[in-house]
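Note sheet for the following structure.
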């Protein structure tokens, strides 16, 4: 979807249409969850601190997010996908992979399917989507970003090699600014430069990611579209209107977040062994602390106790804190829940 959260707000509130808006945060606090295309022209991006967004675009309007509405619209869009194929792998509320090799409408062209889906999304939600079409996930993802907004781009199998050879290295999905800068220092500016490097050389320079880069530039991606993606973590976080530093205030904040995490675990009927505490300081520096228990975390008290222990390990935050978050990962396989859990016996008692 094109600037999904922001586009929904502009659709529902006509006075915002054509104006630079940021969903999330405020003029003084928080982080931009999504920016309209009008705001992007000023350099405003998602995950950008609100104060920087305001500095770049002083006339920007900050809008409080309405995740219940975004989720409802996302379900409408998902229903459209399922009219064509059951092989739908959601990545987020606004993005998904579809495998249309065999489709319910017997349409022989993926491009025609993409056009129909885009048309139905526009008709039913009054929103625009961009589609990327190719023979694997990696290429389809790159293609989806080329003609945004309201784009449609096909990377044909016969043209993939030529396309990747010419593609600027920073346009490769998965290569961020730091990696791109490092590659440029090595003389790698485009796909063709990357393709000329041996696999062992890329692994030596970039670790395991080097093997991925080696395959990527050769259009090798055999990942299937998985309609049931396993959740990897579950958590909650909160940005505070005023920085917090007092110990009692910090503990109260953690207790409140832990309650939300516990409620979500109960709702989803899952549990995990690893707890991560996220601490973002007043200067936006992020520190994460994790611990993995030998058993699944069952109770609210255990979540609170573990989170508080991490708050003091290795030391209590020296600087005021603007955001706290708690996440549970290393989740139990849902299949295990069908057959129960083996009891653990403490032989020391």
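The values are calculated or read from the model by the stated rules, or taken from the named source; none is laboratory data. Quick caveat, the model's predicted, so the values are computed rather than measured. In this analysis, Cβ positions are derived from the backbone assuming ideal geometry, glycine residues included, and neighbour counts consider all displayed protein chains.
Quick check on segment 214-227. Is at least one of its residues in contact with a strand residue (DSSP E or B) (Cβ under 7 Å, 6 or more places away or on another chain), assigned to a loop (DSSP other than H, G, I, E, B), at pLDDT below 95 and over 26 Å from residue 132 (Cα atoms)? Taking every residue of segment 214-227 in turn, none turns out to be in contact with a strand residue (DSSP E or B) (Cβ under 7 Å, 6 or more places away or on another chain), assigned to a loop (DSSP other than H, G, I, E, B), at pLDDT below 95 and over 26 Å from residue 132 (Cα atoms). Checked across segment 219-230, the condition of being in contact (Cβ under 8 Å) with a residue 40 or more places away in the chain, surrounded by 16 or more Cβ atoms within 10 Å (Cβ to Cβ) and closer than 12 Å to residue 326 by Cα holds for no residue.
Do we find a residue being assigned to a strand (DSSP E or B) and modelled with pLDDT of 95 or more anywhere in segment 125-132? For segment 125-132, residues assigned to a strand (DSSP E or B) and modelled with pLDDT of 95 or more: present. Once segment 183-210 is narrowed to residues that are under 30 Å from residue 332 (Cβ atoms) and without any contact (Cβ under 8 Å) to a residue 24 or more places away in the chain, the residue that is surrounded by the most Cβ atoms within 10 Å (Cβ to Cβ) is 207. The strands (runs of 3 or more DSSP E) falling completely within segment 1-119 that include 3 or more residues that are outside the structural domain of residue 221 (by TED's automatic domain parsing), on the phi < 0 side of the Ramachandran plot and within 21 Å of the chain's Cα centre (by Cα) map to 21-23, 88-92, 95-98. Taking helices (runs of 4 or more DSSP H) as the structural unit, those lying wholly within segment 138-204 and holding at least 1 residues that are modelled with pLDDT under 95 and under 24 Å from residue 223 (Cβ atoms) correspond to 177-185. Examine segment 273-285 for a residue that is surrounded by fewer than 11 Cβ atoms within 10 Å (Cβ to Cβ), modelled with pLDDT under 90 and under 26 Å from residue 50 (Cα atoms), and state whether such a residue exists. Yes, segment 273-285 contains a residue that is surrounded by fewer than 11 Cβ atoms within 10 Å (Cβ to Cβ), modelled with pLDDT under 90 and under 26 Å from residue 50 (Cα atoms).
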